[in-house]
Amino acid sequence: MKGFILALAAVLASTTPALAQPHWSVDYAKSKLGFSVQWSGEPFTATFKSWKADIVFDPADLVHSRATVTIDIGSEASDFPENDAGLKGTQGFETSKFPTARFEATKFSHGKGNSYVAEGTLTLHGMTKPVTLPFTLVIAGKTAHMTGRASLLRADFGLANGEFAGETPIGHGVTVNVDLTASRP
């Protein structure tokens with residue numbers, strides 16, 4: 001019985017850091033999530049106006065850190081509304097069938113200085129693929145500012161169909177851009 005109690009105490013002690021991890025609240029007014037892609041040889045940039053992030057992160061305890069971001073794909077907006085309508089249609093995101101995308105970061109690593117990498121999966125357009133998101137993070141008191149970019153291929157998510165199957169007019173490479181400000185209690 002004594003051995004069982006010691007084993008239980010060891011398990012509880014090993015899970016305590018995860019319970020004490022800070023939960024970050026995103027300041028959506030100061031944060032942006034979007035993407036850029038080459039369209040007819042010019043950069044096309046759009047943002048998502050509606051998304052939610054659940055972030056539990058501690059630079060001193062990356063093993064127990066995690067993040068889940070759910071994106072309302074229909075909230076995509078750019079400076080070209082005529083392109084936005086097409087992006088949301090059947091040859092694009094197909095928002096009527098796939099209204100959300102979800103990124104789940106389950107592994108974090110630290111590089112030099114303020115550099116980190118989040119590894120996880122992105123579910124978009126009914127497909128789930130691994131994604132790596134390199135980012136920089138500056139924490140000042142109870143506020144954090146994170147910027148990062150992930151590179152994707154739209155064909156990996158079934159977004160290269162019909163007249164948009166080739167590299168023109170829309171390039172295959174897509175950059176996801178994140179600029180996030182959050183605070184903790």
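Tallying residues that are part of a strand (DSSP E or B) and of a type outside the set (A, V, I, L, M) within the stretch 64-76 yields 5. Pairs linking a residue in the stretch 83-102 that is over 18 Å from residue 128 (Cα atoms) to a residue that is surrounded by 17 or more Cβ atoms within 10 Å (Cβ to Cβ) and among the charged types (D, E, K, R), with Cβ atoms under 8 Å and 6 or more positions apart or on different chains, are 84/76; 87/76; 88/76; 88/94.
Let's see how each residue does on (1) over 18 Å from residue 42 (Cα atoms); (2) acidic (Asp, Glu):
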residue: 76; (1), (2): yes, yes
residue: 79; (1), (2): no, yes
residue: 93; (1), (2): yes, no
residue: 98; (1), (2): yes, no
residue: 110; (1), (2): yes, no
residue: 140; (1), (2): yes, no
residue: 146; (1), (2): yes, no
residue: 175; (1), (2): no, no
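Determine whether residue 100 is under 21 Å from residue 63 (Cα atoms) and β-branched (Val, Ile, Thr). It is false that residue 100 is under 21 Å from residue 63 (Cα atoms) and β-branched (Val, Ile, Thr). Of the strands (runs of 3 or more DSSP E) contained entirely in the stretch 86-169, those carrying at least 3 residues that are aliphatic (A, V, I, L, M) and either over 15 Å from the mean Cα position of the chain (by Cα) or modelled with pLDDT of 95 or more (or both) fall at 115-124, 127-140, 143-153. The single condition among (1) in contact (Cβ under 8 Å) with a residue 60 or more places away in the chain; (2) more than 26 Å from residue 99 (Cβ to Cβ); (3) not aromatic (Phe, Trp, Tyr) that residue 65 does not meet is (1). Looking only at residues that are modelled with pLDDT of 95 or more and hydrophobic (A, V, I, L, M, F, W, C) in the stretch 64-84, which one is surrounded by the fewest Cβ atoms within 10 Å (Cβ to Cβ)? Among them, the one singled out is 77.
The values are calculated or read from the model by the stated rules, or taken from the named source; none is laboratory data. The model shown is predicted, which means the values in this text are computed figures rather than measured ones. No Cβ is skipped: glycine too gets one built from the backbone with ideal geometry, and neighbour counts run over all protein chains shown.
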